[in-house]
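Some notes on the structure that comes next.
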Amino acid sequence: MNWYGIKAIYIHEMERFRRTLFQSLASPIITTSLYFVVFGSAIGSRITEIDGINYGSYIVPGMIMLTILTQSISNASFAFYFPRFTNTIYEILAAPLSSFEIVLGFVGAAASKSLIIGCVIILTANFFVDVRIDHPLLMMFFLILTSITFALFGFIIGMYAEGFEGLQIIPILIITPLVFLGGSFYSINMLPEFWQKISLLNPVLYLISGFRYSFYEVSDVSLFTSTLTILTILIGCIIFITYTFSKGYRIKD
Amino acid sequence: MKNILEINNVTKFYKNSVKALENVNLNIKEGEIFALLGPNGAGKSTLINSICGIVNFNTGTIKINNMDIVKNYRITRKMTGIVPQELNLESFETVWNNVNYSRGLFGKRPDHNYIEKLLKQLSLWDKKDSKIKELSGGMKRRVLIAKALSHQPKLLFLDEPTASVDVELRKDMWDVVKKLNEDGVTIILTTHYIEEAEELSDRVAVINDGKIILVDEKDKLIKKLGEKTIKIELFEPIEKINGNLSKYNFTLDQTNKIISHTYNLNSNTTDITELLNDVKKDGYEIKDINTEQSSLEEIFIKLIKENNNELVRN
Ligand SMILES: Nc1ncnc2c1ncn2[C@@H]1O[C@H](COP(=O)(O)OP(=O)(O)OP(=O)(O)O)[C@@H](O)[C@H]1O
Ligand SMILES: [Mg+2]
């Protein structure tokens, strides 16, 4: 393994995060606060509790998932697309790095950033509502696995994108709707039966549900299916990336 | 001397089915400076990028130090450094971070002393904390060289190292290249400046339309293909070339005092002693004699022209 190489990519990416630390953290903090104002106060005054949990607290796990998903994808896709765009990728291609090591560096950094942001959101949420974490280890397990999985997903976008617009399309068209419809801000039990069935087709629902279980021991679906879902997406991304690299496709002419 | 790089039958098609390299065979000897010449789009960058792993080639094999660059890429890539043709750099990084980052990518443990020495050698030390975007084009080119040398490669590829570099800096750059070569680095460069190849290289190859059309030692090439011109300055102006001198295809300059004759070095058609005797026999007094040899550039243009004509004919 070329550890120095992986470290170089990792540090280089984290350095960018540090340089833009204010923007990187300000946006999730402000967004979280806005959600609390809008959803927590406005809706929370109508819906006081879901499954016996105060509404403001109930939406915290969903909000973290929303941020983790979008941040992991956008960080990883940008991080890998940017050197393709500026052509500085030549150096990574010429270096004695395997595809696995390249992915490890980029995805590791993107996932780390998401984890940091996730923790910052938990702290921010604490200012507004009580956040209880019944199963901290399980919570970390979901947080880390989701960060890695969607960083891999972002990496794929970064490999295939043909322009900066391309980086935005999938997150805006697919991920954001899935997260909003996946029960971030409500329990699907509140929906009519038909829409409950439809919601069960949404993989993000399983992630949010499992994650919420680690906080409050309440969930829409079983913990087992949640874990299985995230692992399936993870493995799917890994297979897809391996396949793309094995074709020598997309980054080398 | 041992070959450090062996290229066998390498062919490369780009996705849009442009054939960029066709059956390229080339051996580079350890310790030499090798110049790759050819017109725009000839395939120089493609060849270099194929060797360095930046593009995938379709068929053939490339070996560095007798190791296949695909199978043993971890070993071979550690030995090579590349300075790309374009100024591909990340604008917001500092010079220092940028160069250390490169060393890391190539799997070498950090060595700040070496990087400091390197930046000093390339006159970049006072810019080490500047962001790339604050540098001039020539400085950026040197940062690219520093990056390529950051992991102490044995084989260095310079794809047009002195494009966008001013005349003075070009001379400095040549000194850097020569110094590196003295330190044992084998160098392969592409250039459009023939005087660069002439100044630096031990051997040259000419590539046209994806094919290597010639490889030779620079001096031999100049001799073999080179024409020499002998210019004889006379004390008195001469009206017309006649008498013994009409044997030779002399031309007369505007002052009517300098007669020149062009001949090929290896074809032995001109006997210089006889030529000078003939000048004397005709009663001319020689003031000065001067010979000029054709430059690599002239040779190069001639070769490409011939090759293109051949391509058209086929
Ligand atoms: N990424 C690419 N995709 C498709 N075709 C390419 C690509 N890069 C180069 N080519 C084509 O391959 C051929 C060789 O190009 P190459 O860049 O190797 O030439 P070169 O000798 O380096 O030229 P120059 O002196 O202009 O740098 C050209 O016809 C060029 O258009
Ligand atoms: Mg080129």
Working only within region A:7-60, note down all residues that are among the aliphatic types (A, V, I, L, M), more than 26 Å from residue A:129 (Cβ to Cβ) and within 22 Å of the chain's Cα centre (by Cα).
-> A:9, A:11, A:14
May I ask you to verify whether residue B:98 is within 16 Å of ligand 1 (Cβ to nearest atom) and out of contact with any Cys (no Cβ under 6 Å at 6 or more places or on another chain)?
-> no
Just a yes or no: is a residue in region B:130-142 surrounded by fewer than 15 Cβ atoms within 10 Å (Cβ to Cβ), free of Cβ contacts under 8 Å to residues at least 24 places away in the same chain, more than 7 Å from chain A (Cβ to nearest Cβ) and more than 16 Å from ligand 2 (Cβ to nearest atom)?
-> yes
Just a yes or no: is a residue in region B:127-148 out of contact with any Ser or Thr (no Cβ under 6 Å at 6 or more places or on another chain) and either outside the structural domain of residue B:29 (by TED's automatic domain parsing) or within 22 Å of residue B:30 (Cβ to Cβ) (or both)?
-> yes
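Answer yes if at least one residue in region B:33-45 is at the interface with chain A (Cβ under 10 Å from one of its Cβ atoms) and within 16 Å of ligand 1 (Cβ to nearest atom), and no otherwise.
At the first step, the residues of region B:33-45 found to be at the interface with chain A (Cβ under 10 Å from one of its Cβ atoms) are none.
Checking region B:33-45: not a single residue is at the interface with chain A (Cβ under 10 Å from one of its Cβ atoms) and within 16 Å of ligand 1 (Cβ to nearest atom).
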Result of the Cβ filter at 9 Å on region B:40-52, keeping first residues that are at positive phi and partners that are acidic (Asp, Glu) and more than 7 Å from ligand 1 (Cβ to nearest atom), at least 6 apart or interchain, is B:41/B:209; B:43/B:22; B:43/B:209
Hey, any hits in region B:2-12 for a residue that's part of a loop (DSSP other than H, G, I, E, B), within 13 Å of ligand 1 (Cβ to nearest atom) and either assigned by TED's automatic domain parsing to the domain that holds residue B:209 or not charged (D, E, K, R) (or both)?
-> no
Restricting region A:116-129 to residues that are assigned to a helix (DSSP H, G or I) and either at pLDDT 95 or above or among the β-branched types (Val, Ile, Thr) (or both), which is nearest to the chain's Cα centre (by Cα)?
-> A:117
May I ask you to list the residues in region B:186-212 that are away from ligand 2 (no atom under 16 Å from the Cβ) and in a loop (DSSP other than H, G, I, E, B)?
-> B:201, B:202
Filtering region B:16-32 down to residues that are out of contact with any Phe, Trp or Tyr (no Cβ under 8 Å at 6 or more places or on another chain), more than 8 Å from ligand 1 (Cβ to nearest atom) and not hydroxyl-bearing (Ser, Thr, Tyr) yields B:22, B:23, B:24, B:25, B:26, B:27, B:29, B:30, B:31, B:32
Mind checking whether some residue in region A:216-239 is under 15 Å from residue A:70 (Cβ atoms) and of a type in the set (Phe, Trp, Tyr)?
-> no
Mind checking which residues of region B:20-54 are within 16 Å of ligand 2 (Cβ to nearest atom) and either surrounded by fewer than 16 Cβ atoms within 10 Å (Cβ to Cβ) or in a loop (DSSP other than H, G, I, E, B) (or both)?
-> B:38, B:39, B:40, B:41, B:42, B:43, B:54
Looking at region B:62-78, which of its residues are facing chain A (nearest Cβ under 10 Å) and buried (at least 21 other Cβ atoms within 10 Å of the Cβ)?
-> B:76, B:77
Could you check how many residues of region A:133-155 are among the aliphatic types (A, V, I, L, M) and surrounded by fewer than 21 Cβ atoms within 10 Å (Cβ to Cβ)?
-> 6
Verdict on residue B:259 being touching a Phe, Trp or Tyr at 6+ places or on another chain (Cβ under 9 Å), more than 16 Å from residue B:38 (Cα to Cα) and outside any helix (DSSP H, G or I) = yes
The condition of being hydroxyl-bearing (Ser, Thr, Tyr) and buried (at least 19 other Cβ atoms within 10 Å of the Cβ) holds, among A:67, A:48, A:86, only for A:67
How many residues are touching a residue at least 60 places away in the same chain (Cβ under 8 Å) and more than 27 Å from residue B:41 (Cβ to Cβ) if we restrict to region B:67-99?
-> 2
Is there a residue being surrounded by fewer than 18 Cβ atoms within 10 Å (Cβ to Cβ) and aromatic (Phe, Trp, Tyr) anywhere in region B:229-245?
-> yes
Single match in B:239, B:182, B:233, B:217 (criterion: in contact with a Lys or Arg (Cβ under 7 Å, 6 or more places away or on another chain), among the charged types (D, E, K, R), more than 16 Å from ligand 2 (Cβ to nearest atom) and over 25 Å from residue B:305 (Cβ atoms)) | B:233
If you scan region B:57-88, which residues turn out to be part of a loop (DSSP other than H, G, I, E, B) and either under 24 Å from the mean Cα position of the chain (by Cα) or under 17 Å from residue B:205 (Cβ atoms) (or both)?
-> B:57, B:65, B:69, B:79, B:84, B:85, B:86, B:87, B:88
Give the residue, chosen from B:82, B:54, that is modelled with pLDDT of 95 or more, within 16 Å of ligand 1 (Cβ to nearest atom), in the same structural domain as residue B:196 (by TED's automatic domain parsing) and among the β-branched types (Val, Ile, Thr).
-> B:82
Output the residues belonging to region B:284-309 that are loosely packed, with under 12 Cβ neighbours inside 10 Å and of a type in the set (D, E, K, R).
-> B:285, B:288, B:305
With the condition kept exactly as written, say whether any residue in region A:226-242 is within 20 Å of residue A:77 (Cα to Cα), surrounded by fewer than 18 Cβ atoms within 10 Å (Cβ to Cβ), in contact (Cβ under 8 Å) with a residue 24 or more places away in the chain and within 14 Å of another protein chain (Cβ to nearest Cβ).
-> no
Pairs, first closer than 16 Å to residue B:35 by Cα and assigned to a helix (DSSP H, G or I) in region B:160-185, second charged (D, E, K, R) and more than 16 Å from ligand 1 (Cβ to nearest atom), C-beta under 7 Å, six or more apart = B:174/B:199
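The values are calculated or read from the model by the stated rules, or taken from the named source; none is laboratory data. Remember, it's a predicted structure, so these values are computed and weren't measured experimentally. Backbone-built Cβ (ideal geometry, glycine too); neighbour counts: all protein chains shown.
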